[in-house]
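The values are calculated or read from the model by the stated rules, or taken from the named source; none is laboratory data. Remember, predicted model here, so these are calculated numbers, not experimental data. Here Cβ is always computed from backbone atoms with ideal geometry, including for glycine, and neighbour counts include all displayed protein chains.
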Protein chains: 4
Amino acid sequence: MTQIKTKRERVKFASDNVTGACPEVLNALLKANEDDKTPYGNDDLSKNLQNKFSEIFEKEVIVFPTASGTAANALALSTMTPSFGNIYCHRLSHINVDECGAPEFYTGGAKLVNLDGNNGKIIAEELDSNISGKGVVHHTQPSSVSITQLCETGVAYNLDEIKKISEIAHKHDLNIHMDGARFANALVSLNCSPAEMTWKSGIDVLSFGATKNGCLAAEAIIFFKPELVGNLAFLMKRAGHLLSKMRFVSAQLDAYISDEVWLKNAKHANSMGKKLSQGLLKHKNIELAYPTDANEVFVKIPKNIIDQFNSQGYKINDEEWECKAVRLVTAWNTDSSDIESFLNIIKS
Amino acid sequence: MTQIKTKRERVKFASDNVTGACPEVLNALLKANEDDKTPYGNDDLSKNLQNKFSEIFEKEVIVFPTASGTAANALALSTMTPSFGNIYCHRLSHINVDECGAPEFYTGGAKLVNLDGNNGKIIAEELDSNISGKGVVHHTQPSSVSITQLCETGVAYNLDEIKKISEIAHKHDLNIHMDGARFANALVSLNCSPAEMTWKSGIDVLSFGATKNGCLAAEAIIFFKPELVGNLAFLMKRAGHLLSKMRFVSAQLDAYISDEVWLKNAKHANSMGKKLSQGLLKHKNIELAYPTDANEVFVKIPKNIIDQFNSQGYKINDEEWECKAVRLVTAWNTDSSDIESFLNIIKS
Amino acid sequence: MTQIKTKRERVKFASDNVTGACPEVLNALLKANEDDKTPYGNDDLSKNLQNKFSEIFEKEVIVFPTASGTAANALALSTMTPSFGNIYCHRLSHINVDECGAPEFYTGGAKLVNLDGNNGKIIAEELDSNISGKGVVHHTQPSSVSITQLCETGVAYNLDEIKKISEIAHKHDLNIHMDGARFANALVSLNCSPAEMTWKSGIDVLSFGATKNGCLAAEAIIFFKPELVGNLAFLMKRAGHLLSKMRFVSAQLDAYISDEVWLKNAKHANSMGKKLSQGLLKHKNIELAYPTDANEVFVKIPKNIIDQFNSQGYKINDEEWECKAVRLVTAWNTDSSDIESFLNIIKS
Amino acid sequence: MTQIKTKRERVKFASDNVTGACPEVLNALLKANEDDKTPYGNDDLSKNLQNKFSEIFEKEVIVFPTASGTAANALALSTMTPSFGNIYCHRLSHINVDECGAPEFYTGGAKLVNLDGNNGKIIAEELDSNISGKGVVHHTQPSSVSITQLCETGVAYNLDEIKKISEIAHKHDLNIHMDGARFANALVSLNCSPAEMTWKSGIDVLSFGATKNGCLAAEAIIFFKPELVGNLAFLMKRAGHLLSKMRFVSAQLDAYISDEVWLKNAKHANSMGKKLSQGLLKHKNIELAYPTDANEVFVKIPKNIIDQFNSQGYKINDEEWECKAVRLVTAWNTDSSDIESFLNIIKS
């Protein structure tokens, strides 16, 4: 028991994907397991997701549940980008550096055009000036834009920023995708509606992340424009992402977006992020690399303090991230006491 | 409650993928959910699977857990088949007709060479005579063979048949894959060891199915030859099949292969299959399309009896399968009473 | 000089691709070489091909010149077939057995569904009964049909046969492609107009072969329906098939279709084919494997006679073709004396 | 006649691909056309290229002739880069911006990592610091490096630069490719041997360009390491780049590398480049954007002078190139009088 405790502390703050499912999601799984059901998403629970998500987004959307965020991103982009297309994205973006080329695989070889942006976020003007060569047969063709919300520095795009980027994308007839791996955390941070953060700001397709914020393996590709769906159903099946017992993914999503579970989880994670961030900043040698908008804390910590943490079983380092800062992530299950234990290490 | 009961009956026998997880697997999920763990399969449970499977197969194997059987097949084949390669398979095989071209996608365009075989099974001689063109630049190159165990007619290859096919494959320097979506049912049917049904009979790579026989979404790609693994880890990640919370797939597999849960489930399913098969054959107008080797019953049923079943809420038909028979599938959770209710419909 | 003569005889009748360019085409090359011109097909000669081909086909067509027949076929099919699509073709077809998987490569993994047909030709009824699974996400999707004219047995589809096949294709919303590697030979054989043999019989896209019949390396992809062109220009460039000095391909095509050069060449080749066929049949031990419709002669020849030919420097065999016959091909430059020398070998 | 003259002037200096073939190459074509020959590169001329190129490079090389430079590059890179690989290249490189994604297509989705370099050339140190993530499953894998010689600014890498870059590549176990579209011009500029500019400086695979410098459509993929050839023959056929009458590509290459034709042509083009460059620089308002190392002249020209040129039938502009300079290219057939006419326009 003590040993388990120790192990648990080691991965705490490493990421929000070290967590399991929240009770509501787990119960939904158990309930879904009680009876036999039609496979491949033809069960009532799966079919009803269309309505549930449409309500949440205040618009009729088309939803494809999937167990993998990387698949959600790559499949979404593959409906918007031909094999000879350009996907404009931040050079730090997950699709560019952390998916082993999934967008390239699913599009059949599209090019990810890297933008420098600012603080991890694309800037509309830079995007605009990088879109060129349309119709010229020698050049890969501008096709889509992808932004991450929260972006890879833990910072949230505000609504104005999203709108400006979408406008540039649409001005050039490009479609725009949002990688919402931490969609709920960003939403809570901006304190706006799901509609406002997406289609009302010009987003065409969303990867709606749920795994990190209380599910086991559940994401959803959400189309705000039905004409963009294209052949997704076939592409998904062909990639092995249409699970036979799909209803267990749907059950997770259903519980997650019911009774504001997702928002409750994200609010908690964000407040823990703030608490952690503020606690660390009390130490004069520690400073933020990026603002703590939600549940990711990027801090520059002196080497000797890092060593202290790791001697206590944590595994943190400042080498993984370009900013040479440590990333600490809070989650739906982070306890105040987890943070206090962590902060106490520096004090001692 | 009554309504749920009605619904349940409707999908009964439709397939073994209408079921949920068995209690042991579900409990393992709950237990795995208690603590935070390292993501992407770097947790102890996932890592320990290598040993557990090695024990079961009496050989050091290399295991990649995945949530999807289609992905398991296509990823396995992609390590054995270049983009210009031939995969020899039965024309009825799942990889050929039910995966929307997944092997083609994952291999980058390989050709599935269809064999007619007999009763759904490949015949070694036909395979042999179809392998040609090696080294000739105009022809796609013979690369791999794939057999399904249970095959698509519910029939099991016996050990001699597997050995003969493997010998032909190896004689021509091809690798051989087994799609074991119903591996346990076949194993119980043949009453042999996992080793005997695979590498001892010449199989190089196995898709080890667990979803249909008591899991929610859990399969494993098992390599009996380490040199065939190649770049699978990258190909899997790139395809979105390396789940961040992979440990929940591993937890299912771990419980499934512990304490003979998998064999117990398959034995039950097979005995229910036999019971169903025998019950149906008592009616003089009903005959088997294929022998009932395990948990799949293919029967030719007069139209008026089919109508009787469907009027009671079942959804069965004899148009989906080439043999113009009805397929009925029993599972780990089929109850004797399910079969009796079903058979009673004809009696009345 | 004598030695060259010997060598020449060796390859005679091996194929029509052993020949060089006819004088008209060669002169066009020389003329095109006199001046500098805009690259990538933006020269006048290339642009004018649209009009010239439109005249020949009595319809406004869209033409893409290319140096490779395999590329012409695969590019054409890639505009009509998604990555998860089915291409229906004869099992002996060049795209299926002699292009090392080019259609699979260019489509991103489509499936070539093999039809048995009759005498090398697809039969409309068999095609009809093989098209199924439309809209079902588990199955690769019926997308296109491809026929070869002359087909791989040297036989020509007659207009009625083409029409029937096209009707079936269109009834199922599939597009139909003609691989016209020996288009001119077939046309002369049927004694009909280019329009009749293509769009008037329902053909949507044509690979117009010219290399075998008097060019060095020149083919054209011809679209009879502009809406099928899609992204071909980009796909072609991306594949390295938009040559910088494209005008030299265009120059060949221009000369080839001017002044009936192509028809003259094909008429000669066909008449030589007939002469060779008739000469061989005079020997009671030699029989035709397929009718000699044009310039390909498939004959069953006793082993000892084959040996006689090969002892004289020819390289012929009856093992390459499924029908266990020898294939002999005449060409635009076959001389009556070539045939006489050949036939004399048996006489002696 | 006068009109043809006018047209000719218009494209002069636009690129070296506006030219035709030099007399020696054209004569070789004519000679090759005299006789029938075995197709698909199995003729003596094609087979002998292995020896001829081996002599020129002072090493046994493996050569694949092809009609397209884009195909040569993409095919070469596809033997060195898996679908999940990184190709490091200059951001201005032809493979990155002018091949419509050919390397992505041929590799099955590799990522082109853009380097800023200096004056169009990669810098070894920048390359070194950009290679990371090896063995980490989340990241696309460093696989190959490609440099262009002459690079896209008309500048030649000197031997030391090539060596340093190769050393970095090999230090990280990457292979290095040289896009030698203007190989001869660079060679003449450096005044070194083909061996020195390639394998003696660490180059593993070369795209040997001949089209621009006196051929119609002829390039060669040259492997200095046989173990890198891999499955190229199949990949080439599969892409439609194994022409049936391949011998006419081989004939061009054979003549091109015989009797120092290629060097003679390049020397002439380079000297014309120098003459043009020097002539332009006499005008105080014109300055070089990059040094004129060979046959490409990048000059910044005032708008009114550009207008003057274009009013005389030239089509030049300073918008196509990032450096906002005009690119003027001399060729094997540029006449001194062409340059004088051009320069006279400014004088007047």
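Things to note:
- Of all residues making up the range D:215-234, the number that are within 11 Å of chain C (Cβ to nearest Cβ) and either surrounded by 24 or more Cβ atoms within 10 Å (Cβ to Cβ) or in contact with a Cys (Cβ under 8 Å, 6 or more places away or on another chain) (or both): 6
- If you go through the range D:44-62 and keep only what is surrounded by fewer than 21 Cβ atoms within 10 Å (Cβ to Cβ) and more than 10 Å from chain C (Cβ to nearest Cβ), you end up with D:47, D:48, D:50, D:51, D:52, D:54, D:55, D:56, D:58, D:59, D:60, D:62.
- Residues of the range A:329-348 that turn out to be of a type outside the set (Asp, Glu), out of contact with any helix residue (DSSP H, G or I) (no Cβ under 6 Å at 6 or more places or on another chain) and closer than 17 Å to residue A:17 by Cα, as a count: 1
- Scanning the range A:302-330 for residues that are in contact with an Asp or Glu (Cβ under 7 Å, 6 or more places away or on another chain) and hydrophobic (A, V, I, L, M, F, W, C) returns A:306, A:325, A:326, A:329.
- Residue check, residue D:93 touching a Gly at 6+ places or on another chain (Cβ under 9 Å), in contact (Cβ under 8 Å) with a residue 40 or more places away in the chain and either away from chain C (no Cβ under 14 Å) or among the charged types (D, E, K, R) (or both): yes
- Looking across A:104, A:152, one residue alone is within 14 Å of chain B (Cβ to nearest Cβ) and surrounded by 24 or more Cβ atoms within 10 Å (Cβ to Cβ). It is A:104.
- No other residue among B:119, B:158 is at pLDDT below 95 and surrounded by fewer than 24 Cβ atoms within 10 Å (Cβ to Cβ) apart from B:119.
- Residue A:167, sole failed condition from (1) within 20 Å of the chain's Cα centre (by Cα); (2) in contact (Cβ under 8 Å) with a residue 24 or more places away in the chain: (1)
- None of C:235, C:343, C:243 is among the aliphatic types (A, V, I, L, M) and more than 30 Å from residue D:78 (Cα to Cα) except C:343.
- Filtered residues of the range C:21-43 (kept if in contact with a strand residue (DSSP E or B) (Cβ under 8 Å, 6 or more places away or on another chain) and within 9 Å of chain D (Cβ to nearest Cβ)): none
- Residues that are surrounded by fewer than 24 Cβ atoms within 10 Å (Cβ to Cβ) and either closer than 30 Å to residue D:95 by Cβ or of a type in the set (A, V, I, L, M) (or both), drawn from the range C:239-275: C:244, C:257, C:261, C:263, C:272
- Checked against the criterion of being within 14 Å of residue C:13 (Cβ to Cβ), part of a strand (DSSP E or B) and of a type in the set (A, V, I, L, M), the candidates C:276, C:328 yield just one match: C:328.
- The lone criterion from (1) out of contact with any Leu (no Cβ under 8 Å at 6 or more places or on another chain); (2) of a type in the set (A, V, I, L, M); (3) part of a loop (DSSP other than H, G, I, E, B); (4) free of Cβ contacts under 8 Å to residues at least 60 places away in the same chain left unmet by residue B:137 is number (1).
- Cβ pairs under 6 Å, 6+ apart, first in the range D:308-336 and over 20 Å from residue D:269 (Cβ atoms), second in a strand (DSSP E or B) and at pLDDT 90 or above: D:318/D:326
- In the condition set (1) outside the structural domain of residue C:334 (by TED's automatic domain parsing); (2) part of a helix (DSSP H, G or I), residue C:59 is compliant with all but (2).
- For the range C:74-90, a residue qualifies if it is under 14 Å from the mean Cα position of the chain (by Cα) and either closer than 13 Å to residue C:145 by Cβ or more than 12 Å from chain D (Cβ to nearest Cβ) (or both), and exactly one does: C:76.
- In the set (1) more than 10 Å from chain C (Cβ to nearest Cβ); (2) surrounded by 22 or more Cβ atoms within 10 Å (Cβ to Cβ); (3) out of contact with any Leu (no Cβ under 7 Å at 6 or more places or on another chain); (4) closer than 30 Å to residue D:79 by Cα, residue D:65 fails one condition alone, (3).
- Tabulated pairs, the range A:257-276, first touching a residue at least 40 places away in the same chain (Cβ under 8 Å), second of a type in the set (Asp, Glu) and assigned to a helix (DSSP H, G or I), C-beta under 6 angstrom, 6+ apart or interchain: A:261/A:24
- Single residue of A:97, A:145 found to be among the β-branched types (Val, Ile, Thr) and out of contact with any Phe, Trp or Tyr (no Cβ under 6 Å at 6 or more places or on another chain): A:97
- For the range B:84-99, a tally of residues being surrounded by fewer than 24 Cβ atoms within 10 Å (Cβ to Cβ) and in a loop (DSSP other than H, G, I, E, B) returns 3.
- Count - residues of the range A:189-238 that are within 17 Å of the chain's Cα centre (by Cα), part of a loop (DSSP other than H, G, I, E, B) and among the β-branched types (Val, Ile, Thr): 2
Let's see how each residue does on (1) of a type outside the set (S, T, N, Q); (2) surrounded by 13 or more Cβ atoms within 10 Å (Cβ to Cβ); (3) farther than 22 Å from residue A:185 by Cα; (4) not assigned by TED's automatic domain parsing to the domain that holds residue A:216:
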| residue | (1), (2), (3), (4) |
| --- | --- |
| A:290 | yes, yes, no, yes |
| A:294 | yes, yes, no, yes |
| A:301 | yes, yes, yes, yes |
| A:306 | yes, yes, yes, yes |
| A:318 | yes, yes, yes, yes |
| A:336 | no, no, no, yes |
| A:341 | no, yes, yes, yes |
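- Any hit, the range C:144-166, residues being part of a loop (DSSP other than H, G, I, E, B), touching a Leu at 6+ places or on another chain (Cβ under 8 Å) and closer than 12 Å to residue C:85 by Cα: no
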